[in-house]
Amino acid sequence: MSVEFTVVRDVAGLRELEPAWRELAAAGGAGALFRGPEWLVPWWHAYQQVLAGELHVMVGLSDGALVCLAPLYLRTNNRALTKVRELRMMGDAGPRPPALDVLVRAGFEDKAGAQLARAIAELGKTWDVIDLQPLADPSRVRANFVARLGAAGFTVESAPASGGARRIALGLARASTEDGLTIAVSGDAAAIRKSMSALRRLSRLEWAERDEHSPLADAEAAGLLEEVAVALGREGRARVATRDDDAGEAVAAALIVDDGDRAVVLAMAVDPEHGARGVAERLLAAEAMAARARGRVALDVVTGAHEYPLPPLPVSRQAAVAVTIWNDTTTAAVSRRVETVKRGARAVRETPSVAAAQARAAWARIRSAATEVAQYQRMHLYRGQMWTRGI
């Protein structure tokens, strides 16, 4: 059975795919919500303008049925003093879920991975770098896709990615006797919007403590989270939990969504004045109990600006990875060398003697590459226009 890939470049094409896309995501188990249209289509509406991106969704069909979907987008980014054309994974900006991945039907992992690599390679030099993160690990289709591109001569790099989650196993969760916890009714859009406003307020306070701007205060993030929370809330799959003080003022809030057999704390904030009083731990303990009552087996707490204290339950870390694939364009070569210098500079702070020598060598390579790019053999006047030759 062969897999043929086409590219979807507009929202109308995505909408046509939604039923099959949702079915394919649901067949993948945990992570279906964040790899399906319920999350990625609202995300695209929220971030398309600010990212100046273009849809580049790779759709794999076999005998007319959807068997693979790589939700990519293309953008031009000012990176390393050059304009780099990046292929990225939808959902990688703003509030990020525990991990993203390529969707594939069971049994098609190897064939779809190989054909996806071929389709990407056939795009030629229309892109400089593929930057994918945060990605679930392991992923058989991605491993095959990356291996094929590496064998085709592309430069592949992988590393741990920021993000991921801490997973709380709910088998031992017990009912909490704590009071002061208010839960927004899942199907009540007005209650969810009110609680989301409290979450954004607490997030601003939390980040102001470090003199930084809250990511939840951005219009794109606020709109995305509220839209998803209200839509899923109508189905009983989203809730906003707030813990109040004696005056009835929210001092902690969390947005929780159900994704298959797990629940995910997608966003959370605590008033800095109450951060040391165990408020976060009690809120998460109550949500663990509530998730277990809904039949969930795990509660994933997305790793963000803070790693809040977790309740005394079994916890494991769900790591995410980043994969970077460089094309053989001149822009990619310069950008890659600058990225190497940046890594060396970061390492200098930890191992100065060794990393400094590596950074100096990388900087020499950058100067050499920049000289090659900047040289022009001669200028010509042709039909009244200046043009260059031998760049």
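The values are calculated or read from the model by the stated rules, or taken from the named source; none is laboratory data. As the structure is a computational prediction, the values presented were derived from the model and not from experiment. Here the Cβ positions follow ideal geometry from the backbone for every residue, glycine too, while neighbour counts run over all protein chains shown. The area values use the complete protein model at the heavy-atom level, side chains included, leaving out ligands, DNA and RNA. Shrake-Rupley method; radii C 1.70, N 1.55, O 1.52, S 1.80 Å.
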Search result, residues across the stretch 277-327 that are assigned to a helix (DSSP H, G or I), within 30 Å of Ser139 (Cβ to Cβ) and open to solvent by less than 10 Å² (accessible area, probe 1.4 Å): Leu284, Glu287, Ala288, Ala291
Residues that are in contact (Cβ under 8 Å) with a residue 40 or more places away in the chain and in a helix (DSSP H, G or I), drawn from the stretch 131-149: Val141, Arg142, Phe145, Val146, Leu149
Qualifying residue in the stretch 204-224 (condition: modelled with pLDDT of 90 or more and touching a strand residue (DSSP E or B) at 6+ places or on another chain (Cβ under 7 Å)): no
Criterion: touching a helix residue (DSSP H, G or I) at 6+ places or on another chain (Cβ under 8 Å), in a strand (DSSP E or B) and surrounded by fewer than 21 Cβ atoms within 10 Å (Cβ to Cβ) - qualifying residue of Leu61, Leu66: Leu66
Segments classed as strands (runs of 3 or more DSSP E), wholly inside the stretch 191-276, with at least 3 members that are more than 17 Å from Arg96 (Cα to Cα): 238-244, 250-259
Top-ranked residue in the stretch 1-33 [being in a loop (DSSP other than H, G, I, E, B) and not small (Gly, Ala, Ser); ranked as farthest from Asp101 (Cα to Cα)]: Met1
Residues of the stretch 193-217 satisfying the condition of being closer than 17 Å to Arg243 by Cα and of a type in the set (S, T, N, Q): Ser195, Ser197, Ser203
Top-ranked residue of the stretch 46-58 - restricted to ones that are free of Cβ contacts under 8 Å to residues at least 40 places away in the same chain and in a helix (DSSP H, G or I), ranked as least open to solvent (accessible area, probe 1.4 Å): Gln48
Residue list for the stretch 187-221, filter: of a type in the set (S, T, N, Q) and either buried (at least 19 other Cβ atoms within 10 Å of the Cβ) or over 20 Å from Ala46 (Cα atoms) (or both): Ser195, Ser203, Ser214
Only one of Arg75, Arg96, Arg88 that is surrounded by 19 or more Cβ atoms within 10 Å (Cβ to Cβ) and part of a strand (DSSP E or B): Arg88
